[in-house]
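Right, one structure below, let's go through it.
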Amino acid sequence: MAGIYIHIPYCRQACRYCDFHFVVSVWQKKELIPFLLRETEERKDYLEGEVIDTIYFGGGTPSVLEVKEIVSILNSIYRNYPVSQEVELSLEANPEDLKPEYLSDLRKAGVNRLSIGIQSFQDSDLELMHRIHNGEQATEAVKNAQLAGFDNISIDLIYGLPRQEKDFWQRNLDKALSLGIQHFSAYHLTYESGTVFDHWRKKGRIALIPEEDSLKQFKMLINTAKQQGFEHYEISNFALPGFRSKHNSSYWQQKKYLGIGPSAHSYNGVSRRWNFNNHKRYIDGMASAEDYFEIEILSLENIYNEHVMTSLRTSKGVSFLYLKTRFGNQGAEYFRTGIEKFVKSGHVSVDNDIYSLTEEGIFIADHIIEAVFR
Ligand SMILES: C[S@@+](CC[C@H](N)C(=O)[O-])C[C@H]1O[C@@H](n2cnc3c(N)ncnc32)[C@H](O)[C@@H]1O
């Protein structure tokens with residue numbers, strides 16, 4: 001089984017925190033679509049005939065596409081790849097796009113999972129982030145989706161934002177979980193270089209929140225999610241039983257996937273390939289039959305690093321026995337030496353041969369992962 005990711009790099013407006021690949025000239029999508037179709041067709045052998053069980057439209061904001069544009073991409077996928085009858089077909093969407101008619105057409109097109117970019121239900125946060133929607137539209141978008149028959153809905157939220165009232169995060173969580181959603185992703189704000197937020201931070205206009213506040217918000221997140229029956233299955237991801245994102249989980253399990261569109265990554269077990277992170281260079285490269293991507297053949301070290309990073313980030317953890325079989329005694333012992341001090345400090349727990357992060361460990365995950373990298 002394998003997955004297909006399609007990157008739609010358009011947004012109606014630039015969020016002040018975001019450094020993903022996007023452009024705000026939405027009209028340019030008309031120019032891109034023929035190239036997406038062409039890449040889908042030209043790379044049909046990449047996954048060597050494996051059955052596709054997940055398709056994911058990410059962005060940018062895929063809901064800027066008309067449903068007929070989404071259908072044209074899907075038709076090209078169905079023509080060129082064996083797609084499972086039970087495919088998980090996800091689309092990232094923004095609240096302002098989720099009107100009843102659009103939603104009902106998405107359902108007819110086969111989309112069966114929505115990931116809605118809500119970020120916050122509070123108008124002051126949304127204004128600060130430079131989002132188009134307000135809190136009321138966010139709630140309405142979820143309700144509209146449910147009325148249209150979507151029963152697998154995820155939302156994205158951001159915490160650790162500057163200038164918030166004390167209980168804002170608890171209120172956001174309570175609001176989110178009162179809506180009957182099946183999944184949510186919650187990310188701590190990061191100040192990515194080149195973004196407006198980063199610029200404002202350097203000028204002293206906004207500030208990082210104190211670390212103890214970040215930790216408090218993180219604990220609030222995991223406790224509230226647990227109380228409401230959500231499984232914390234990856235650092236930033238929470239799902240009701242049976243509703244984990246199959247597509248994102250396949251990245252964490254090193255399954256093969258094909259990435260279509262500017263900045264999209266692909267992985268076939270041997271190499272990683274990424275298309276240029278610029279839609280014009282992507283289009284020009286394809287149009288002139290020049291390269292529009294880069295490739296890296298993965299060394300055993302790369303594979304080890306990816307394995308320990310993704311496994312530690314998920315509740316599955318790292319199996320010491322698996323490390324021994326896949327990377328030999330030397331690889332496994334390297335891991336054990338690096339992780340030992342975090343076991344002693346209570347940041348990592350060991351159950352049989354499985355090493356996983358404790359709640360305290362999750363909060364310093366990047367630091368722990370760095371210590372076991374080769
Ligand atoms: C590429 S964005 C999805 C875009 C979606 N169309 C939207 O506008 O919300 C993926 C998610 O990453 C998160 N994200 C992006 N930049 C972030 C940052 N600097 N800090 C924290 N979360 C971020 C947001 O929650 C966002 O929904």
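GNM on the chain, C-alpha springs below 10 Å: top fluctuator among ILE33, ILE354, ILE132?
Judging by the Gaussian network model, the answer is ILE354.
Give me the distance in nm between label points sitting 7 Å out from Cα along the Cα-to-Cβ direction at VAL343 and LEU300, one decimal.
2.3 nm
Please calculate how many Å² of accessible area the chain carries per residue, with a 1.4 Å probe and no DNA, RNA or ligand atoms counted.
So the chain comes to 46 Å² accessible per residue, rounded to a whole number.
Let's test the formula: R0 of 25 Å, r as the Cβ-Cβ distance of ASP291 and PHE373. What FRET efficiency results, to the nearest 0.05?
0.30
Would you kindly derive the ³J(HN,Hα) couplings of segment 37-51 from the backbone phi angles with the Karplus curve 6.51 cos²θ - 1.76 cosθ + 1.60 (θ = phi - 60°), listing them in order in whole Hz, with x for Gly and Pro?
With coefficients 6.51, -1.76 and 1.60, one gets 5, 5, 5, 4, 6, 5, 9, 5, 8, 4, 9, 6, x, 5, 5 Hz.
Enumerate by residue number the trypsin sites (Lys or Arg not before Pro) in segment 137-181 meeting two conditions: DSSP loop (anything except H, G, I, E, B), and at most 13 other Cβ atoms within 10 Å of the site's Cβ.
ARG163, LYS166
Report the gain in length on full extension from GLU66 to GLN227: 0.36 nm times residue separation, minus Cα-Cα distance, nm rounded to one decimal.
Working it through step by step, the gained length comes to 54.1 nm.
Can you compute the modelled spin-label distance between ASP123 and GLU211, with each label point 7 Å from Cα toward Cβ, in nm?
Rounded to a tenth, the inter-label distance reads 3.8 nm.
Would segment 2-251 count as rounded, prolate or oblate if I go by the C-alpha gyration tensor, calling it rounded below 1.5 in a/c and otherwise prolate when a/b exceeds b/c, oblate otherwise?
Prolate, since a/c reaches 1.5 and a/b exceeds b/c.
Got a number for carbon plus sulfur as a percent of the chain's accessible area, 1.4 Å probe?
Taking all protein chains in place, the chain shows 50 percent carbon and sulfur surface.
Please give the length that would be gained between VAL51 and TYR78 if that part of the chain were fully extended, namely 0.36 nm times their separation in residues minus their C-alpha to C-alpha distance (nm, one decimal). Walk me through the numbers on the way to the answer.
Working: separation 27, 0.36 × 27 = 9.72 nm, distance 1.10 nm.
Taking 0.36 nm per residue and subtracting the Cα distance, the gain is 8.6 nm.
Less than 14 Å Cβ to Cβ from SER90, Lys/Arg counted +1 and Asp/Glu -1: what total charge do the surrounding residues give? Write out the running numbers ahead of the final one.
Details: positive: ARG107, ARG113, ARG244, LYS246; negative: ASP53, GLU86, GLU88, GLU92, ASP151, ASP156.
Overall, the nearby charge balance is -2.
Compute the relative contact order of segment 1-94 as a whole-number percentage, counting only Cα pairs closer than 8 Å that sit 6 or more residues apart in sequence.
40 percent
Assuming 0.36 nm per residue, please report the length gained on full extension of the stretch ASN277 to GLN85 beyond their Cα-Cα distance.
65.9 nm
If you build a Gaussian network model of the chain, linking Cα atoms that sit under 10 Å apart, which residue out of ILE209, ILE52, ILE155 swings the most?
Most flexible of the set in this elastic network: ILE209.
Using a 4.7 Å Cβ cut-off, which Cys residues in the chain lack a partner cysteine?
Among the cysteines of the chain, those whose Cβ sits 4.7 Å or more from every other are CYS11.
Taking Cα centroids, how far is segment 73-98 from segment 200-269 in Å?
Value for the Cα centre distance between the two parts: 22 Å.
If I model a spin label as a point 7 Å beyond the Cα along the Cα-Cβ vector, how far apart are those points for ARG12 and ASP351 in nm?
According to this spin-label approximation, the distance is 4.4 nm.
The values are calculated or read from the model by the stated rules, or taken from the named source; none is laboratory data. All of these numbers come straight from a predicted model, not from anything done at the bench. Positions of Cβ are generated from backbone atoms using ideal geometry, with glycine treated the same way; all protein chains shown enter the neighbour counts. For accessibility, only protein heavy atoms count, side chains too; no ligands or nucleic acids. Shrake-Rupley method; radii C 1.70, N 1.55, O 1.52, S 1.80 Å.
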